[in-house]
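Colleague: There's a structure below that I have some questions on.
The values are calculated or read from the model by the stated rules, or taken from the named source; none is laboratory data. Note that the structure is predicted; figures quoted are calculated from it, not measured. Because the Cβ atoms are built from the backbone with ideal geometry, glycine has one as well, and the counts that use them run over all protein chains shown.
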Amino acid sequence: MGALAKAVVGSLVLASLVLGAPVDISPDVTKAAGSEALTVVLENEQVRVLRYQSKPGHVVAMHTHPGPQIYVALSNFRRRITRPDGSAREIMGKVGDALWVSDPTPHQGEDTGEGTHFVIVEIKAPRWSQVNAGPGIRKK
């Protein structure tokens, strides 16, 4: 995203906060603007596994996730995470890093590095008692 586009998006978010207009937040990252960088690899009642691969400057619009997530970095990365109130933080890591994210706050993600490649596991089932044992797992 170019500097002008970033300025316009930032101005719109700031204006909507100041004027009290709602910020458009997708309840599902796979439906947010910019989600073309995501591929659903597996989904069931307990988890959703996504592959995320983006280029520098790519933005996934404001969104949420169905529960806590585990990110496994398949590339080095640097990203800016922005909340609806405009506050932002930079995160960075390298190939093989794993991140646990349990904050339910809506956010926007922007690739501020040289591209990002993650596998993301979104946890849906909140308790082990709700997890159905699948093939190869025996319950007593």
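Colleague: Among the residues that make up region 62-77, is at least one of them free of Cβ contacts under 8 Å to residues at least 40 places away in the same chain and either within 13 Å of THR30 (Cα to Cα) or not basic (Lys, Arg) (or both)?
Modeller: yes
Colleague: Something else now. Give the residues of region 8-53 that are modelled with pLDDT of 50 or more, polar (S, T, N, Q) and surrounded by 13 or more Cβ atoms within 10 Å (Cβ to Cβ), sorted by residue number.
Modeller: Across region 8-53, the qualifying residues are SER26, THR30, SER35, GLN46, GLN53.
Colleague: Being at pLDDT 55 or above and assigned to a loop (DSSP other than H, G, I, E, B) is the filter; apply it to region 117-140 and report the residue that is surrounded by the fewest Cβ atoms within 10 Å (Cβ to Cβ).
Modeller: Top of the filtered list is ARG127.
Colleague: So is ASP103 closer than 19 Å to ARG48 by Cβ and not in a strand (DSSP E or B) or not?
Modeller: So ASP103 fits the description; yes.
Colleague: Mind checking which residues of region 62-74 are surrounded by fewer than 19 Cβ atoms within 10 Å (Cβ to Cβ), within 17 Å of PRO106 (Cβ to Cβ) and not β-branched (Val, Ile, Thr)?
Modeller: PRO66, GLY67, PRO68 - these are the residues of region 62-74 that are surrounded by fewer than 19 Cβ atoms within 10 Å (Cβ to Cβ), within 17 Å of PRO106 (Cβ to Cβ) and not β-branched (Val, Ile, Thr).
Colleague: Being at pLDDT 95 or above and closer than 22 Å to ILE25 by Cβ: is that true of GLU114 here?
Modeller: So GLU114 fails the test.
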